[in-house]
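Structure first, commentary second.
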């Protein structure tokens, strides 16, 4: 049975932005979404899984800095964050899943699994599934839920989602937890190849446009330093104006955006959004060069809001919006 040692919970930033998180809804669902949830100041992990052997046990450090020890892979896992589900899928452990949250929708086959509420957390439904492992996200799930799962004698492992290197490492960690490490390593390699290919394209740019990422076109929620979103913007060839922002979840003022005057604005806006919609909520932004030039783009919310393998897809989607010339093939140019 997996167990934990040396628990350390860093939940100050969870309480600070929890109300913000609950305001954010998915564009295609009527339920509260996991968009831009909880930017925790948790213990950072290394690129490779932190494993050690002690008395035959395998040990990993989770996203809350807790030592997680187990003797054999889990066979009945549930996930309580969509990003964690997508990591499980990438790691080759989908057949180990016996339940997911009620906002999970990727991959499509996930909809055939039992689902349960996570806001609020339906512990009773999870217990009824008899899992031997719960996989959570350090950016989505309340760290205090770990206490309840411990009382229920259900092991819970928080995946670190504080940066892309942490998300990347989580894929292999899940492979170790579920006994699918070879598949997980193969997934990491495939993602690395795609990231390197994109970086090769964007490094040819003479100048990178200065940009910001907005979660909403109404209130200017964004991402600060060390977020995996900063990695995504960098791969896509954008100089992020919030990469050094002290707050992990800044709300950008209209004045700040006006002064910075970004070349491009990327966001997760409604499907019928147009660049001229921004000044409806931010009147002074009609003078922004991005609005005037029409360099305001929206991407699929789930690609960026869920820390996981599809963040690479988000980077490609952004790059194709902002730098379409990098993706013109010989056939296209004829």
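The values are calculated or read from the model by the stated rules, or taken from the named source; none is laboratory data. Quantities reported herein were computed from a predicted structural model and do not represent experimental measurements. Don't worry about glycine lacking a Cβ; one is built from the backbone with ideal geometry, like all the others, and counts go over all protein chains shown.
Within region 227-242, the set of residues being in a loop (DSSP other than H, G, I, E, B) and within 18 Å of residue 216 (Cα to Cα) comprises 227, 241, 242.
Looking for something part of a helix (DSSP H, G or I), buried (at least 22 other Cβ atoms within 10 Å of the Cβ) and at pLDDT 95 or above - is there at least one such residue anywhere in region 91-113? Among the residues of region 91-113, at least one is part of a helix (DSSP H, G or I), buried (at least 22 other Cβ atoms within 10 Å of the Cβ) and at pLDDT 95 or above, which makes the answer yes. I need the full set of residues from region 248-264 which are surrounded by 13 or more Cβ atoms within 10 Å (Cβ to Cβ) and over 15 Å from residue 208 (Cβ atoms), in order please. Result: 248, 249, 250, 251, 252, 254, 256, 257, 258, 261. Taken over region 122-139, the residue count meeting the criterion of being without any contact (Cβ under 8 Å) to a residue 40 or more places away in the chain and either part of a helix (DSSP H, G or I) or out of contact with any strand residue (DSSP E or B) (no Cβ under 7 Å at 6 or more places or on another chain) (or both) is 5. Look at residue 248 and say whether it is at pLDDT 95 or above, part of a loop (DSSP other than H, G, I, E, B) and outside the structural domain of residue 79 (by TED's automatic domain parsing). Judged against the criteria, residue 248 is not a match. Here is a check on your reading of the model: is residue 190 under 30 Å from residue 88 (Cα atoms) and touching a helix residue (DSSP H, G or I) at 6+ places or on another chain (Cβ under 6 Å)? No; evaluated as a whole, the condition is false for this residue. If you go through region 257-282 and pick out every residue that is touching a residue at least 24 places away in the same chain (Cβ under 8 Å) and not in a loop (DSSP other than H, G, I, E, B), you end up with 10. Scanning region 200-250 for residues that are within 17 Å of the chain's Cα centre (by Cα) and on the phi > 0 side of the Ramachandran plot turns up just one, 226.
Among the residues of region 317-325, is there at least one that is outside any helix (DSSP H, G or I) and modelled with pLDDT under 95? The answer is no; no qualifying residue exists. Spot the failing condition for residue 223; the list is (1) in the same structural domain as residue 315 (by TED's automatic domain parsing); (2) touching a strand residue (DSSP E or B) at 6+ places or on another chain (Cβ under 7 Å); (3) within 30 Å of residue 67 (Cα to Cα); (4) not in a loop (DSSP other than H, G, I, E, B), and only one is missed. Only one criterion is unmet by residue 223, namely (4). When you scan region 201-211, do you find a residue that is free of Cβ contacts under 8 Å to residues at least 24 places away in the same chain, in a helix (DSSP H, G or I), within 24 Å of residue 305 (Cβ to Cβ) and touching a helix residue (DSSP H, G or I) at 6+ places or on another chain (Cβ under 7 Å), even just one? The answer is no; no qualifying residue exists. Every test in (1) in a strand (DSSP E or B); (2) buried (at least 18 other Cβ atoms within 10 Å of the Cβ) is passed by residue 59 save one, and that test is (2).
Conditions tested, residue by residue: (1) in contact with a helix residue (DSSP H, G or I) (Cβ under 9 Å, 6 or more places away or on another chain); (2) more than 21 Å from residue 90 (Cβ to Cβ).
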site	(1), (2)
127	no, yes
133	yes, no
142	yes, yes
147	no, yes
154	yes, yes
164	yes, no
168	yes, no
178	yes, no
183	yes, no
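Applying the criterion of being in contact (Cβ under 8 Å) with a residue 40 or more places away in the chain and surrounded by fewer than 20 Cβ atoms within 10 Å (Cβ to Cβ) to the residues of region 223-247, the residue that is farthest from residue 300 (Cα to Cα) is 226.
Checked against (1) over 19 Å from residue 140 (Cβ atoms); (2) surrounded by fewer than 22 Cβ atoms within 10 Å (Cβ to Cβ), residue 290 passes all but a single condition, namely (2).
On inspection, residue 190 fails the criterion of being in a loop (DSSP other than H, G, I, E, B) and surrounded by fewer than 22 Cβ atoms within 10 Å (Cβ to Cβ).
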